[in-house]
There are 2 protein chains.
Amino acid sequence: MDTKAVEPAVDVVRIFDTTLRDGEQSPGASLTSAEKLEIARQLSRLGVDIIEAGFPAASPDDLLAVQRIAQEVGTPDGPIITGLARTHKGDIDKAWEAVAPAAKPRIHTFLATSDIHMERKLRMSREEVVARTREMVAYAKAYCDDIEFSPEDAGRSDPDFLIEVLAVAIEAGATTLNIPDTVGYLTPDEYYDLMHKLITETPGTEQVIWSVHCHDDLGFATANAIAGVKAGARQVECTVNGIGERAGNTSLEEVVMTLHTRRPYYHLATNIDTTQITRASRMVSNYTGMIIQPNKAIVGSNAFAHEAGIHQDGLLKDKRTYEIMTPETIGLNQSRLVLGKHSGRHAFRVRMEELGFELSDDDLQTAFERFKELADKKKTVTDADLEALVADEFYGPHEIFGLMDLQVACGTTGMPTATVRLRGPDDEEFVQAAIGTGPVDACFQAIDKIIQAPNTLIEYSVHSITEGIDAMGEVTVRITSENGSSRTFGGYGADTDIIMASAKAYLAAVNRMLTVKGGKYGKPEGETSTITVAATA
Amino acid sequence: MDTKAVEPAVDVVRIFDTTLRDGEQSPGASLTSAEKLEIARQLSRLGVDIIEAGFPAASPDDLLAVQRIAQEVGTPDGPIITGLARTHKGDIDKAWEAVAPAAKPRIHTFLATSDIHMERKLRMSREEVVARTREMVAYAKAYCDDIEFSPEDAGRSDPDFLIEVLAVAIEAGATTLNIPDTVGYLTPDEYYDLMHKLITETPGTEQVIWSVHCHDDLGFATANAIAGVKAGARQVECTVNGIGERAGNTSLEEVVMTLHTRRPYYHLATNIDTTQITRASRMVSNYTGMIIQPNKAIVGSNAFAHEAGIHQDGLLKDKRTYEIMTPETIGLNQSRLVLGKHSGRHAFRVRMEELGFELSDDDLQTAFERFKELADKKKTVTDADLEALVADEFYGPHEIFGLMDLQVACGTTGMPTATVRLRGPDDEEFVQAAIGTGPVDACFQAIDKIIQAPNTLIEYSVHSITEGIDAMGEVTVRITSENGSSRTFGGYGADTDIIMASAKAYLAAVNRMLTVKGGKYGKPEGETSTITVAATA
C-alpha cells in the first residue's frame, strides 16, 4: 500500500554510518585505505547522511584515510564527513586536519560520564568532566560549525549529571548530542526513558539534533535505537551488517527497513536508497571478513527464503501471507548476470563504471584480464564475482610477499603436500614445500617456512560467492601475532580454487601483520599502520 | 553484584525451545533423527522447560523422531515434550502418538486468525475459525491435559477477534496460549500493547500461561519477546542461535541472558543452566550448518572480544568498564583441552560420557580409532573436535554412496583434478576423475559423474573448529535438486583436510537428497523422508 499520497509531511531521521570507525573496531576487521574509500563511496550511493570515516588520532594512516574520504566522497552533494576525537586538543587538531577537505565537515568528540568510567578509567571528577567538555567543545567549534558530542557510557551515567554535561556542550557550541549505550546494557524501555528525559529536560535542547548509539550485547541494538527515535532522536548511529565492538552496533539495514516497512506507524523517513542495501552489505562483509549468518534480519541469505510447506502454499496464494517486504526493495534478486566470456573490453569498462569502481587504465586492463580468465572457467560472471575480483586484486594490504606459484596434492592416499613460490622484498624469490594435516595447512606451513613470522590462525572461513558448483570461493582468515599483543589481522582472497584463495588470504593477513609491526620489512606507503590508540563512543 | 540475598521471590519464565521444529524449518537446516535426539539431550542439559520436538504429521519419520525424543529425553525430571499439529484430527492424532511416551506430554495446535490468512490461505470465515478452535482443542484435550493453542499470524489479527478465539480455546481446555508474530511485523510497543490487552481482557485468562513467539524480520525478535514478558507472559518460544524461518526466531541465549544480566530490573528467573549455552549453540550450528556471525549477541565469536585500545585499557583497569557479563557465565573459555595422542581408551570413553554421547561399544571403538588418527595429526584434541568427530561419523544421513578414496592435485600450474572412489548400493565400487575450476569443484564433478543426481550447489562454507593452523575444518553445503522443487538439502563434513571434508559434506547432502526423493535408491530406515507439509506458528 503506497501511503505517500495521503501521508502528512514526515520528519527525516539522519543515518550516521560508523562502519568505518566503530565497525572497523571489530576484532580482525581492519581495512586498508583503499577498502575504506570503496566502502565510503558505496555508503554515499546508499545515501547515508553522515559518514564517520575513522579516528584520525589513532595513527597517521587513519588520518590519511579519513582525509582521502573527505576529499573524494565529501562533495557538496555528498554526505557529511566526520572523524572521532577524544576531548584532547591533539585529537581535535587531527580530526579537523582529516575532515577539513570535506564540503560538509563535522568533528565528533567524546568523554565518558559514567561513574565507573570517570573513576576507574579517566580518574577525573564530575567537575573536571564538565570543565573539559566546555573547553574542548569550544575548541572544536573554533574549527568547525558542525560539532557532535558524545558522553561515553551514557547508558550507565547518572541522568541528572548527564543533563548538566550536555547543557554545557550545547552552550559551548555542540550541534548534535549523541547518547551511547556503550556496553549494550539498557533495555528498550530504559533507553526510551533516558532519551525522553534528556530531550525534554536539557537546557538548550531545541538547538540540537539528538542522536542514538546502541550496542547489541543483549540483542536490543535495533529496538533501543528505534525507542530513542520514538523519544525524539533524529539521528541514528549504525553500521552495515551491525558490525562493531563485541556483539556490534545497531544494524543500518534493520533501522532503515523498520522505518520503511512501518512508515504508516512511525511517520518517519530516511534518505536511504534501500536498493543499495544488498550491495553495501556484501561489500562490507567481504572487505572486513565479517560473515553474515543466514538468519540475519534483512541481509541474511535466508531472510527472504521460505521453507515450510504451509508457508510456500500461503505464498503461492498470496505473497502477503508471509512476506512483509519484498527482496527487490533491498536490491536483492536484481538481474545480476552481466558478462560472459564473449564480453569485450568496452562492455567490461561500462559495467565497472556502473558498479562505481574508479580504476586507472592499467588497473582496468589488469581487471579485464582476470575477468577473461574467470569467464573461461565459469559460465556466467555476476556483479558479485566482479566485486570479489576487484577486492582481491586492488584492495588488499601492501604486498610485502606475493604469491607466484602454488602446487598442492592431497587426498585419502597420501600426506597433503604443498609447494609455494613467493616473491619477497627486492623481488627475491623463495620456494618451500611442506606437508600438513590438510592442503590448506600444508600451504600455510610452506608460506611460514619462507616468511617466518610467528602467528596463530584464529579463524578461517570460506564462502561461495554465487550459486553453482563452479562458483568463486572467498576465503577470510584472521591471525594474531605471537608477540603477546591481542591485535588480530584479517586477510581476504577470492579464487575459483579455494586452496589458491586460502593462500592469498593468508598472505594478505601476514602482509598486514608485517606492515603493522614494521621491523625488518619496514613500513610501506600509507596503507595500514600501528594503531596506538582507538576509541569507541 | 549478587542480589539474590535481598531479592523477593521471583516468577519463573518458562523456556519453550523450538529449535527442532521452527528452527529446523530454516532453509537447508534439515536434521537427521540422530542429530535431533542429540540436540534434544543437550536442550535437556541446558534446562529448557519445554522441547517442541517436531511436527509429527509432516511425515512418518518426523513422527518417529518426536516419539524417540519423548521416550529418551521426556523423563519424569526432564522437559515437557510437545509436537505441533494443525487443527485437524489427523494431525492431533499423530501429535499424540508422538508425544504420548513422554512423562510430561503436550499437544500444540494452531490455526491462523488474521484476515489475510483466513481469507487467502484457509478460506474460512471467522465463525468457522472459532468453531474449529473449540472443536479441535477439545479433541486434543481428550488425549492430554497439557494443551497449547496458537492463533497463527496473531500479530496481524484483529485483537477483539483474537480475544473471542482465545476465550473459546480456554473454555475447550487450552492451558497455554501462545501469541505468534508470525511474519515479524510488530514493534516492541505494539507487541506489548497486544499482549497486555489479551492478558487483561480475555475471559478465563487466570487459568492459562501466556506465551510469546516472535520473529526477527525487522530485528525485534528479542525485544518483542521481552516486551511480552513485561506484559505478563511467562513462556518464551525461542531457538538456539535464533535460527528459524527467514530471519529466524527469538534467540534463546539473548532472552535468557537478558533476564539473567538484568535480573534486578526484571525480577524474573529461568530454569536455564547458562553454562550450557555455548555447547548448545555450537552443536546446533554444526548440525544444521547454520553459521553464527562473529557479531551475534552472546554466542558470536566476538561477543566477548575487545579490540579498541581504549577498551583494552579500560578493561585492564576494571573489567566492568566494558563488560556486562563474563564469558564463563555462558560456558565459554572453560578448559577445553581434553585429550592427546597418549590418551587411552578408558580416558576417551569417560570424556565421551561426560560430553553426554551415548555410543554402543562398536561405535565407541570407531570413534576411538578416528580420535587416534586425529591426535596423530593435531597436537591437542578439544571437546569441539570430539563433537565434530561424532557428528561427522554418526549423525549424518543414511549413506547410499560412501567415500572410499580421494586424490586431488591443484595449484597455479595445472588444471585442478580430482579422482574419487565411491562405494554405492550393493557394495559396488565406482571410480571417476574430473577436472574443475578448483579442487572442490573437481571433486564434486567426479562425484556427480558417478551418482548422476542433478543438483545445484547453493551454499558452501567452511569453518575451522578450533584455533591453530592444524585445526579441523567443518564444511557445510546446501544443494537443491533440479526437479523444480525448492527443497534444499544440507550436508556436513569434518576433517583436517578441507577437500576431504568438502567431499564428505557434498556426499552427505546428495545422500540426503536421494533418500528423500526415493526413486531407484529406495528409502532407508527412518532417517529422513519426504516432508509433505510443514508449518509455522
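The values are calculated or read from the model by the stated rules, or taken from the named source; none is laboratory data. For clarity, every value in this text was computed on a predicted model and none was experimentally measured. Virtual Cβ from ideal backbone geometry, glycine too; neighbours counted across all protein chains shown. What goes into the accessible areas is simple: the full protein's heavy atoms, side chains included, and nothing from ligands, DNA or RNA. Shrake-Rupley method; radii C 1.70, N 1.55, O 1.52, S 1.80 Å.
Numerical summary
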item	result
All positions within the stretch B:422-434 that are without any contact (Cβ under 8 Å) to a residue 60 or more places away in the chain, under 33 Å from the mean Cα position of the chain (by Cα) and open to solvent by less than 20 Å² (accessible area, probe 1.4 Å)	B:Gly424
Residue that is open to solvent by 10 Å² or more (accessible area, probe 1.4 Å), under 27 Å from A:His117 (Cα atoms) and either modelled with pLDDT under 85 or assigned to a loop (DSSP other than H, G, I, E, B) (or both), where the choices are B:Ala297, B:Ala305	B:Ala305
Residue satisfying condition, being among the basic types (Lys, Arg) and at pLDDT 95 or above, within set B:Lys36, B:Lys89, B:Lys121	B:Lys89
Elements of type helices (runs of 4 or more DSSP H) contained in the stretch B:154-247, each with 3 or more residues being more than 23 Å from the chain's Cα centre (by Cα) and more than 28 Å from B:Gln276 (Cα to Cα)	B:159-171, B:188-201
Residue check, A:Ala231 more than 8 Å from every other protein chain (Cβ to nearest Cβ), in contact with a helix residue (DSSP H, G or I) (Cβ under 6 Å, 6 or more places away or on another chain) and either of a type in the set (S, T, N, Q) or under 24 Å from A:Ile51 (Cβ atoms) (or both)	no
Flag if A:Ile447 is away from every other protein chain (no Cβ under 12 Å), surrounded by 20 or more Cβ atoms within 10 Å (Cβ to Cβ) and at pLDDT 85 or above	no
Residues that are farther than 24 Å from B:Asn224 by Cβ and open to solvent by less than 10 Å² (accessible area, probe 1.4 Å), drawn from the stretch A:183-209	A:Leu198, A:Thr202
Scan of the stretch B:85-113 for residues that are farther than 23 Å from B:Ile209 by Cβ and either surrounded by fewer than 21 Cβ atoms within 10 Å (Cβ to Cβ) or touching a residue at least 40 places away in the same chain (Cβ under 8 Å) (or both), ordered by number	B:His88, B:Lys89, B:Gly90, B:Asp93, B:Glu97, B:Pro101
Output for the stretch B:452-471, where each listed residue is within 10 Å of chain A (Cβ to nearest Cβ) and at pLDDT 75 or above	B:Asn455, B:Thr456, B:Leu457, B:Ile458, B:Glu459, B:Tyr460, B:Ser461, B:Val462
Subset of the stretch A:27-72 (residues that are basic (Lys, Arg) and over 17 Å from A:Arg279 (Cα atoms))	A:Arg68
Of the criteria (1) within 20 Å of B:Arg14 (Cβ to Cβ); (2) facing chain A (nearest Cβ under 10 Å); (3) not in a helix (DSSP H, G or I), which one B:Val255 fails	(3)
Residue identified as out of contact with any strand residue (DSSP E or B) (no Cβ under 8 Å at 6 or more places or on another chain) and within 14 Å of chain A (Cβ to nearest Cβ) among B:Arg279, B:Arg246, B:Arg262	B:Arg262
In the stretch A:38-60, residue nearest to the other protein chains (Cβ to nearest Cβ) [restricted to those that are more than 19 Å from A:Glu245 (Cα to Cα) and either open to solvent by 10 Å² or more (accessible area, probe 1.4 Å) or among the β-branched types (Val, Ile, Thr) (or both)]	A:Pro60
Output for the stretch A:116-150, where each listed residue is under 30 Å from the mean Cα position of the chain (by Cα) and surrounded by fewer than 16 Cβ atoms within 10 Å (Cβ to Cβ)	A:Asp145
One residue from B:Asp405, B:Asp426, B:Asp385 being acidic (Asp, Glu) and at the interface with another protein chain (Cβ under 8 Å from one of its Cβ atoms)	B:Asp405
Residue in the stretch B:13-26 that is modelled with the highest pLDDT, counting only those that are open to solvent by 10 Å² or more (accessible area, probe 1.4 Å) and over 17 Å from B:Gly78 (Cα atoms)	B:Glu24
Residue within the stretch B:490-498 that is among the aliphatic types (A, V, I, L, M), modelled with pLDDT of 70 or more and surrounded by 22 or more Cβ atoms within 10 Å (Cβ to Cβ) present	yes
Hits in the stretch B:261-289 - residues which are buried (at least 18 other Cβ atoms within 10 Å of the Cβ), of a type outside the set (A, V, I, L, M, F, W, C), at negative phi and in a loop (DSSP other than H, G, I, E, B)	B:Arg262, B:Thr270
Odd one out for B:Glu135, checked against (1) more than 16 Å from A:Tyr322 (Cβ to Cβ); (2) in contact with a Phe, Trp or Tyr (Cβ under 9 Å, 6 or more places away or on another chain)	(2)
Complete set of residues in the stretch B:393-413 that are closer than 30 Å to A:Thr419 by Cβ, in contact (Cβ under 8 Å) with a residue 60 or more places away in the chain and buried (at least 22 other Cβ atoms within 10 Å of the Cβ)	B:Leu406, B:Val408
Criterion: open to solvent by 20 Å² or more (accessible area, probe 1.4 Å) and either assigned to a helix (DSSP H, G or I) or farther than 19 Å from B:Thr32 by Cα (or both) - qualifying residue of B:Thr437, B:Thr419	B:Thr419
Options A:Thr75, A:Thr109; residue that is under 25 Å from A:Gln276 (Cα atoms), at pLDDT 95 or above and not aliphatic (A, V, I, L, M)	A:Thr75
